[in-house]
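Once you've had a glance at the structure underneath, I'll fire off some questions.
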Amino acid sequence: MENEIKRLEEEFQKDFQEIKSSKDLEALRIKYLGRKSAFMQLFSRIPTLAKEEKGIWGKKLNTFKNKITSLLESKAGQGENNEEKIDLTAPSVSREEGSRHVLSTVSKEICSIFERLGFITIEGKEIEEEWYNFEALNIPSEHPSREDFDTFYLDIGEKDKGKYLLRSHTSPSQIRVMKESKPPLAVISPGRVYRPDEVDATHSFMFHQIEGFAVAKDMNFAHLKGVLLHFVREFFSTGVELRFRPHFFPFTEPSVEVDISCFICKNKKVEDSKKKCSVCKGKGWLEILGCGMIHPKVLKACGIDFKKYKGFAFGMGVERIAMLKYGINDIRLFYENDVRFLKQFSL
Ligand code: PHE
(Lines give C-alpha, C1' and ligand atoms only; values in the text may rest on other atoms or scores of the structure.)
Protein backbone atom coordinates (compact mmCIF):
# COMPACT_ATOMS: atom_id res chain seq x y z
CA MET A 1 0.00 0.00 0.00
CA GLU A 2 2.85 2.31 0.85
CA ASN A 3 4.24 1.99 -2.67
CA GLU A 4 0.89 2.43 -4.29
CA ILE A 5 0.28 5.70 -2.50
CA LYS A 6 3.73 6.92 -3.43
CA ARG A 7 3.19 6.02 -7.08
CA LEU A 8 -0.13 7.79 -7.12
CA GLU A 9 1.42 10.87 -5.62
CA GLU A 10 4.19 10.96 -8.22
CA GLU A 11 1.76 10.45 -11.03
CA PHE A 12 -0.41 13.23 -9.68
CA GLN A 13 2.50 15.65 -9.44
CA LYS A 14 3.30 15.00 -13.11
CA ASP A 15 -0.29 15.50 -14.24
CA PHE A 16 -0.58 18.53 -12.02
CA GLN A 17 2.24 20.32 -13.82
CA GLU A 18 0.37 20.00 -17.08
CA ILE A 19 -2.89 21.60 -16.08
CA LYS A 20 -3.85 24.33 -18.52
CA SER A 21 -7.51 25.06 -17.90
CA SER A 22 -10.25 24.64 -15.33
CA LYS A 23 -11.48 21.73 -17.45
CA ASP A 24 -8.14 19.92 -16.96
CA LEU A 25 -8.40 20.67 -13.26
CA GLU A 26 -11.80 19.06 -12.99
CA ALA A 27 -10.63 16.04 -15.01
CA LEU A 28 -7.74 15.65 -12.60
CA ARG A 29 -10.01 15.85 -9.59
CA ILE A 30 -12.17 13.09 -11.03
CA LYS A 31 -9.14 10.98 -11.97
CA TYR A 32 -7.59 11.13 -8.49
CA LEU A 33 -10.50 11.54 -6.11
CA GLY A 34 -13.56 10.48 -8.11
CA ARG A 35 -15.67 7.47 -7.26
CA LYS A 36 -13.76 5.18 -9.60
CA SER A 37 -10.27 6.54 -8.84
CA ALA A 38 -7.31 4.40 -7.73
CA PHE A 39 -7.42 6.36 -4.48
CA MET A 40 -10.99 5.27 -3.75
CA GLN A 41 -10.03 1.70 -4.49
CA LEU A 42 -7.27 1.93 -1.90
CA PHE A 43 -9.75 3.45 0.51
CA SER A 44 -12.20 0.62 0.00
CA ARG A 45 -9.52 -1.83 1.07
CA ILE A 46 -9.34 -0.40 4.61
CA PRO A 47 -12.16 -2.49 6.09
CA THR A 48 -10.26 -5.64 5.05
CA LEU A 49 -7.11 -4.67 6.96
CA ALA A 50 -6.09 -5.79 10.43
CA LYS A 51 -7.37 -3.65 13.29
CA GLU A 52 -4.12 -1.84 14.10
CA GLU A 53 -3.40 -1.22 10.42
CA LYS A 54 -6.76 0.36 9.73
CA GLY A 55 -5.90 3.53 11.66
CA ILE A 56 -2.48 3.94 10.13
CA TRP A 57 -3.59 3.56 6.52
CA GLY A 58 -6.70 5.58 7.05
CA LYS A 59 -4.57 8.47 8.25
CA LYS A 60 -2.09 8.14 5.40
CA LEU A 61 -4.80 8.08 2.80
CA ASN A 62 -6.46 11.12 4.33
CA THR A 63 -3.21 13.05 4.30
CA PHE A 64 -2.82 12.17 0.64
CA LYS A 65 -6.37 13.29 -0.08
CA ASN A 66 -5.94 16.60 1.74
CA LYS A 67 -2.73 17.31 -0.11
CA ILE A 68 -4.32 16.71 -3.50
CA THR A 69 -7.38 18.72 -2.58
CA SER A 70 -5.43 21.72 -1.43
CA LEU A 71 -3.18 21.63 -4.51
CA LEU A 72 -6.21 21.48 -6.77
CA GLU A 73 -7.84 24.34 -4.88
CA SER A 74 -4.76 26.50 -5.10
CA LYS A 75 -4.72 26.01 -8.84
CA ALA A 76 -8.45 26.68 -9.15
CA GLY A 77 -8.02 30.36 -8.21
CA GLN A 78 -5.11 30.80 -10.62
CA GLY A 79 -6.89 29.02 -13.43
CA GLU A 80 -9.70 31.50 -13.40
CA ASN A 81 -7.33 34.39 -13.50
CA ASN A 82 -5.39 32.96 -16.40
CA GLU A 83 -8.38 32.13 -18.50
CA GLU A 84 -10.68 35.02 -17.78
CA LYS A 85 -8.52 38.03 -18.21
CA ILE A 86 -10.58 41.15 -18.43
CA ASP A 87 -10.62 42.52 -21.95
CA LEU A 88 -11.10 46.23 -21.59
CA THR A 89 -11.68 46.65 -25.31
CA ALA A 90 -14.67 44.28 -25.40
CA PRO A 91 -18.07 45.96 -25.90
CA SER A 92 -20.03 46.33 -22.68
CA VAL A 93 -22.98 44.09 -21.93
CA SER A 94 -26.04 46.29 -22.18
CA ARG A 95 -28.64 45.80 -19.51
CA GLU A 96 -32.26 45.28 -20.54
CA GLU A 97 -34.47 47.88 -18.96
CA GLY A 98 -37.91 46.83 -17.77
CA SER A 99 -41.02 48.84 -18.41
CA ARG A 100 -44.67 48.81 -17.54
CA HIS A 101 -46.83 46.13 -19.22
CA VAL A 102 -49.28 47.49 -21.78
CA LEU A 103 -52.23 46.26 -19.70
CA SER A 104 -50.97 48.16 -16.66
CA THR A 105 -50.49 51.29 -18.74
CA VAL A 106 -53.98 51.09 -20.22
CA SER A 107 -55.52 50.31 -16.84
CA LYS A 108 -53.77 53.26 -15.20
CA GLU A 109 -54.75 55.57 -18.03
CA ILE A 110 -58.41 54.58 -17.72
CA CYS A 111 -58.41 54.98 -13.93
CA SER A 112 -56.74 58.37 -14.10
CA ILE A 113 -59.45 59.70 -16.44
CA PHE A 114 -62.04 58.82 -13.80
CA GLU A 115 -59.83 60.08 -10.98
CA ARG A 116 -59.80 63.48 -12.62
CA LEU A 117 -63.61 63.40 -12.38
CA GLY A 118 -63.35 62.79 -8.63
CA PHE A 119 -63.53 58.97 -8.55
CA ILE A 120 -61.21 57.24 -6.12
CA THR A 121 -59.39 54.04 -7.09
CA ILE A 122 -59.56 51.03 -4.79
CA GLU A 123 -58.44 47.42 -5.11
CA GLY A 124 -60.91 44.62 -4.47
CA LYS A 125 -60.11 41.02 -3.61
CA GLU A 126 -59.16 38.35 -6.12
CA ILE A 127 -60.19 35.58 -3.73
CA GLU A 128 -63.78 36.48 -3.04
CA GLU A 129 -66.59 35.09 -0.96
CA GLU A 130 -69.53 33.68 -2.84
CA TRP A 131 -71.92 36.15 -1.23
CA TYR A 132 -69.99 39.16 -2.61
CA ASN A 133 -69.49 37.68 -6.08
CA PHE A 134 -73.10 36.51 -6.51
CA GLU A 135 -75.78 36.84 -3.84
CA ALA A 136 -75.22 40.49 -2.95
CA LEU A 137 -75.24 41.26 -6.68
CA ASN A 138 -78.67 39.71 -7.05
CA ILE A 139 -77.36 36.65 -8.88
CA PRO A 140 -79.61 33.82 -7.66
CA SER A 141 -78.32 30.38 -6.72
CA GLU A 142 -79.82 28.78 -9.83
CA HIS A 143 -77.87 31.14 -12.13
CA PRO A 144 -75.62 29.13 -14.52
CA SER A 145 -72.49 31.16 -13.68
CA ARG A 146 -72.65 29.68 -10.19
CA GLU A 147 -72.12 26.15 -11.45
CA ASP A 148 -68.82 24.51 -10.54
CA PHE A 149 -67.61 24.46 -14.13
CA ASP A 150 -68.38 28.13 -14.68
CA THR A 151 -66.47 29.44 -11.70
CA PHE A 152 -63.17 28.63 -10.00
CA TYR A 153 -64.16 27.55 -6.49
CA LEU A 154 -61.38 27.06 -3.97
CA ASP A 155 -61.14 23.69 -2.36
CA ILE A 156 -60.36 24.59 1.26
CA GLY A 157 -62.14 21.92 3.21
CA GLU A 158 -65.67 20.60 3.73
CA LYS A 159 -66.75 23.36 6.09
CA ASP A 160 -66.14 26.17 3.59
CA LYS A 161 -67.12 24.23 0.48
CA GLY A 162 -68.34 26.63 -2.23
CA LYS A 163 -67.68 29.65 -0.04
CA TYR A 164 -64.49 31.03 -1.58
CA LEU A 165 -63.78 31.51 -5.26
CA LEU A 166 -61.64 33.43 -7.71
CA ARG A 167 -63.90 36.36 -8.53
CA SER A 168 -65.54 36.13 -11.93
CA HIS A 169 -65.90 39.92 -12.25
CA THR A 170 -64.86 43.09 -10.43
CA SER A 171 -68.46 43.88 -9.39
CA PRO A 172 -67.96 42.47 -5.84
CA SER A 173 -65.77 45.56 -5.28
CA GLN A 174 -69.01 47.59 -5.40
CA ILE A 175 -70.40 45.53 -2.53
CA ARG A 176 -67.25 45.79 -0.41
CA VAL A 177 -67.19 49.58 -0.70
CA MET A 178 -70.94 50.15 -0.32
CA LYS A 179 -71.08 47.98 2.79
CA GLU A 180 -68.23 49.85 4.42
CA SER A 181 -68.75 53.47 3.36
CA LYS A 182 -71.65 55.86 3.23
CA PRO A 183 -72.76 57.63 0.03
CA PRO A 184 -72.00 59.85 -1.79
CA LEU A 185 -69.53 57.48 -3.45
CA ALA A 186 -67.62 57.52 -6.73
CA VAL A 187 -65.23 54.61 -7.04
CA ILE A 188 -63.16 52.89 -9.68
CA SER A 189 -61.74 49.40 -9.08
CA PRO A 190 -59.33 47.65 -11.47
CA GLY A 191 -58.08 44.08 -11.18
CA ARG A 192 -57.86 40.49 -12.34
CA VAL A 193 -60.89 38.27 -12.83
CA TYR A 194 -61.14 34.55 -13.58
CA ARG A 195 -63.44 32.41 -15.73
CA PRO A 196 -62.82 28.85 -16.84
CA ASP A 197 -63.02 29.83 -20.52
CA GLU A 198 -61.24 27.91 -23.25
CA VAL A 199 -58.25 30.03 -24.30
CA ASP A 200 -58.46 31.42 -27.83
CA ALA A 201 -57.79 34.71 -29.64
CA THR A 202 -60.43 36.56 -27.61
CA HIS A 203 -60.75 34.49 -24.41
CA SER A 204 -58.53 33.77 -21.45
CA PHE A 205 -59.18 32.08 -18.10
CA MET A 206 -57.78 35.22 -16.47
CA PHE A 207 -58.22 38.77 -17.66
CA HIS A 208 -58.58 42.28 -16.28
CA GLN A 209 -61.61 44.41 -15.66
CA ILE A 210 -62.27 47.90 -14.41
CA GLU A 211 -65.38 48.46 -12.35
CA GLY A 212 -66.77 51.92 -11.81
CA PHE A 213 -69.75 53.09 -9.80
CA ALA A 214 -71.23 56.11 -8.12
CA VAL A 215 -74.00 56.46 -5.53
CA ALA A 216 -75.70 59.69 -4.50
CA LYS A 217 -79.16 61.03 -3.71
CA ASP A 218 -80.15 62.28 -7.13
CA MET A 219 -78.07 60.05 -9.37
CA ASN A 220 -79.68 59.15 -12.69
CA PHE A 221 -78.96 57.61 -16.09
CA ALA A 222 -77.92 60.97 -17.56
CA HIS A 223 -75.00 61.09 -15.11
CA LEU A 224 -73.89 57.68 -16.31
CA LYS A 225 -74.07 58.79 -19.93
CA GLY A 226 -72.17 61.98 -19.25
CA VAL A 227 -69.38 60.21 -17.36
CA LEU A 228 -68.99 57.55 -20.05
CA LEU A 229 -69.03 60.06 -22.90
CA HIS A 230 -66.30 62.03 -21.17
CA PHE A 231 -64.28 58.84 -20.69
CA VAL A 232 -64.45 57.59 -24.28
CA ARG A 233 -63.62 61.01 -25.71
CA GLU A 234 -60.60 61.34 -23.45
CA PHE A 235 -59.42 57.79 -24.04
CA PHE A 236 -60.15 57.12 -27.72
CA SER A 237 -60.78 60.29 -29.64
CA THR A 238 -62.69 63.54 -29.14
CA GLY A 239 -65.10 62.76 -31.97
CA VAL A 240 -66.51 59.40 -30.76
CA GLU A 241 -70.19 58.89 -30.06
CA LEU A 242 -71.91 56.42 -27.76
CA ARG A 243 -74.67 53.92 -28.51
CA PHE A 244 -76.65 52.27 -25.73
CA ARG A 245 -78.25 48.86 -26.39
CA PRO A 246 -80.71 47.36 -23.89
CA HIS A 247 -79.20 44.37 -22.09
CA PHE A 248 -79.59 42.37 -18.89
CA PHE A 249 -77.41 42.19 -15.80
CA PRO A 250 -78.94 40.97 -12.52
CA PHE A 251 -77.27 43.77 -10.58
CA THR A 252 -78.36 46.75 -12.68
CA GLU A 253 -81.78 47.92 -13.79
CA PRO A 254 -82.07 49.16 -16.46
CA SER A 255 -78.99 47.52 -17.96
CA VAL A 256 -77.28 48.38 -21.21
CA GLU A 257 -74.33 47.49 -23.34
CA VAL A 258 -72.38 50.41 -24.69
CA ASP A 259 -70.76 50.78 -28.10
CA ILE A 260 -68.56 53.56 -29.36
CA SER A 261 -68.57 54.77 -32.94
CA CYS A 262 -65.47 53.34 -34.61
CA PHE A 263 -62.61 55.77 -33.98
CA ILE A 264 -60.63 54.30 -36.89
CA CYS A 265 -63.07 54.51 -39.81
CA LYS A 266 -65.17 57.21 -38.13
CA ASN A 267 -68.30 55.07 -38.23
CA LYS A 268 -68.34 54.71 -42.01
CA LYS A 269 -70.14 51.35 -41.98
CA VAL A 270 -68.61 50.18 -45.26
CA GLU A 271 -70.37 47.12 -46.74
CA ASP A 272 -67.80 46.40 -49.45
CA SER A 273 -65.68 43.61 -47.99
CA LYS A 274 -62.48 44.94 -49.56
CA LYS A 275 -62.84 48.38 -48.01
CA LYS A 276 -64.15 47.23 -44.62
CA CYS A 277 -62.47 48.71 -41.56
CA SER A 278 -60.27 46.05 -39.93
CA VAL A 279 -61.17 47.16 -36.39
CA CYS A 280 -64.99 47.38 -36.52
CA LYS A 281 -65.30 44.98 -39.51
CA GLY A 282 -67.45 47.49 -41.30
CA LYS A 283 -70.09 47.69 -38.57
CA GLY A 284 -69.14 51.21 -37.54
CA TRP A 285 -69.59 50.41 -33.83
CA LEU A 286 -67.40 48.74 -31.19
CA GLU A 287 -68.73 47.23 -27.99
CA ILE A 288 -66.77 48.51 -25.01
CA LEU A 289 -68.61 47.88 -21.74
CA GLY A 290 -71.70 46.90 -19.77
CA CYS A 291 -73.44 49.21 -17.35
CA GLY A 292 -76.70 50.32 -15.78
CA MET A 293 -78.38 51.81 -12.70
CA ILE A 294 -77.53 49.81 -9.57
CA HIS A 295 -80.43 47.46 -8.75
CA PRO A 296 -82.32 48.47 -5.55
CA LYS A 297 -81.78 44.94 -4.21
CA VAL A 298 -78.00 45.47 -4.44
CA LEU A 299 -78.20 48.77 -2.54
CA LYS A 300 -80.38 47.07 0.04
CA ALA A 301 -77.93 44.17 0.47
CA CYS A 302 -75.28 46.76 1.31
CA GLY A 303 -77.46 48.55 3.86
CA ILE A 304 -78.07 51.61 1.67
CA ASP A 305 -81.57 53.16 1.67
CA PHE A 306 -82.61 52.57 -1.95
CA LYS A 307 -85.51 55.02 -1.70
CA LYS A 308 -83.12 57.81 -0.87
CA TYR A 309 -80.08 56.84 -2.93
CA LYS A 310 -79.51 55.86 -6.54
CA GLY A 311 -76.36 54.72 -8.27
CA PHE A 312 -74.87 53.74 -11.58
CA ALA A 313 -72.25 51.09 -12.29
CA PHE A 314 -70.19 49.99 -15.25
CA GLY A 315 -67.64 47.29 -15.98
CA MET A 316 -65.16 47.02 -18.83
CA GLY A 317 -62.50 44.55 -19.94
CA VAL A 318 -59.01 46.06 -20.04
CA GLU A 319 -57.72 43.59 -22.64
CA ARG A 320 -60.64 44.37 -24.92
CA ILE A 321 -60.11 48.13 -24.64
CA ALA A 322 -56.34 47.75 -25.22
CA MET A 323 -56.98 45.50 -28.24
CA LEU A 324 -59.33 48.06 -29.75
CA LYS A 325 -57.06 50.99 -29.09
CA TYR A 326 -53.91 49.40 -30.50
CA GLY A 327 -55.41 47.06 -33.12
CA ILE A 328 -54.20 43.90 -31.33
CA ASN A 329 -55.93 40.81 -32.70
CA ASP A 330 -55.01 38.08 -30.20
CA ILE A 331 -55.46 38.29 -26.42
CA ARG A 332 -52.73 35.67 -25.87
CA LEU A 333 -50.09 38.19 -26.95
CA PHE A 334 -50.58 40.00 -23.63
CA TYR A 335 -49.55 36.99 -21.57
CA GLU A 336 -46.80 35.34 -23.60
CA ASN A 337 -44.08 37.69 -22.37
CA ASP A 338 -42.62 38.15 -25.84
CA VAL A 339 -40.50 41.24 -25.42
CA ARG A 340 -40.77 42.05 -29.15
CA PHE A 341 -44.52 42.51 -28.67
CA LEU A 342 -44.38 44.24 -25.29
CA LYS A 343 -41.63 46.66 -26.32
CA GLN A 344 -43.94 48.35 -28.80
CA PHE A 345 -45.94 49.78 -25.92
CA SER A 346 -43.17 50.72 -23.51
CA LEU A 347 -42.77 54.41 -23.00
N1 PHE B 1 -69.82 42.56 -14.13
C2 PHE B 1 -70.27 42.66 -15.50
C3 PHE B 1 -69.50 41.61 -16.32
O4 PHE B 1 -68.52 41.08 -15.87
C5 PHE B 1 -70.06 44.03 -16.08
C6 PHE B 1 -70.92 45.08 -15.43
C7 PHE B 1 -70.45 45.79 -14.35
C8 PHE B 1 -72.18 45.35 -15.92
C9 PHE B 1 -71.26 46.78 -13.75
C10 PHE B 1 -72.99 46.31 -15.35
C11 PHE B 1 -72.52 47.00 -14.28
O12 PHE B 1 -69.88 41.30 -17.42
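Given the residues Asp305, Asp272, which is the only one that is assigned to a loop (DSSP other than H, G, I, E, B), within 17 Å of Phe213 (Cβ to Cβ) and away from the ligand (no atom under 16 Å from the Cβ)?
Just a single option satisfies the conditions, and that option is Asp305.
List the residue pairs whose Cβ atoms are under 8 Å apart, where the first residue sits in region 321-347 and is assigned by TED's automatic domain parsing to the domain that holds Ser204, the second is outside any loop (DSSP other than H, G, I, E, B) and of a type in the set (Asp, Glu), and the two are 6 or more positions apart or on different chains.
Sorted first by the residue in region 321-347, then by its partner, the pairs are Ile331/Glu319; Phe334/Glu319.
Please determine whether any residue of region 39-55 is assigned to a helix (DSSP H, G or I), more than 30 Å from Ser346 (Cα to Cα) and under 54 Å from the mean Cα position of the chain (by Cα).
Yes: one or more hits.
Here's another thing I want to ask about it. Being more than 14 Å from the ligand (Cβ to nearest atom), surrounded by 17 or more Cβ atoms within 10 Å (Cβ to Cβ) and closer than 22 Å to Phe114 by Cα narrows it down to one residue among Phe207, Phe235, Phe251, Phe213; which is it?
Phe235
Please go through region 275-305 and pick out each residue that is without any contact (Cβ under 8 Å) to a residue 40 or more places away in the chain and closer than 17 Å to Arg176 by Cα.
Correct list: Lys300, Asp305.
Need pairs with beta-carbon distance below 7 Å; first residue more than 18 Å from Ile46 (Cβ to Cβ) and within region 1-23, second among the acidic types (Asp, Glu) and part of a helix (DSSP H, G or I); sequence gap 6+ or separate chains.
Going by the 7 Å Cβ cut-off, the qualifying pairs are Ser21/Glu83; Ser22/Glu80; Ser22/Glu83.
Looking at region 159-176, which of its residues are more than 20 Å from the chain's Cα centre (by Cα) and away from the ligand (no atom under 13 Å from the Cβ)?
Selection gives Lys159, Asp160, Lys161, Gly162, Lys163, Tyr164, Arg176.
Follow-up question, since we're still on this one. Within the set of pairs 6 or more residues apart or between chains, which connect a residue that is in the same structural domain as Gly58 (by TED's automatic domain parsing) inside region 32-46 to a residue that is among the basic types (Lys, Arg) with Cβ atoms less than 6 Å apart?
Ile46/Lys54
Now for a different question. If you go through region 139-181 one residue at a time, how many are modelled with pLDDT of 95 or more, assigned to a loop (DSSP other than H, G, I, E, B) and either surrounded by fewer than 17 Cβ atoms within 10 Å (Cβ to Cβ) or not assigned by TED's automatic domain parsing to the domain that holds Glu115 (or both)?
1
The values are calculated or read from the model by the stated rules, or taken from the named source; none is laboratory data. All figures in this text were calculated on a predicted structure; none of them were measured in a lab. Note that each Cβ is placed from the backbone with ideal geometry, even for glycine, and that neighbours are counted across all protein chains shown.
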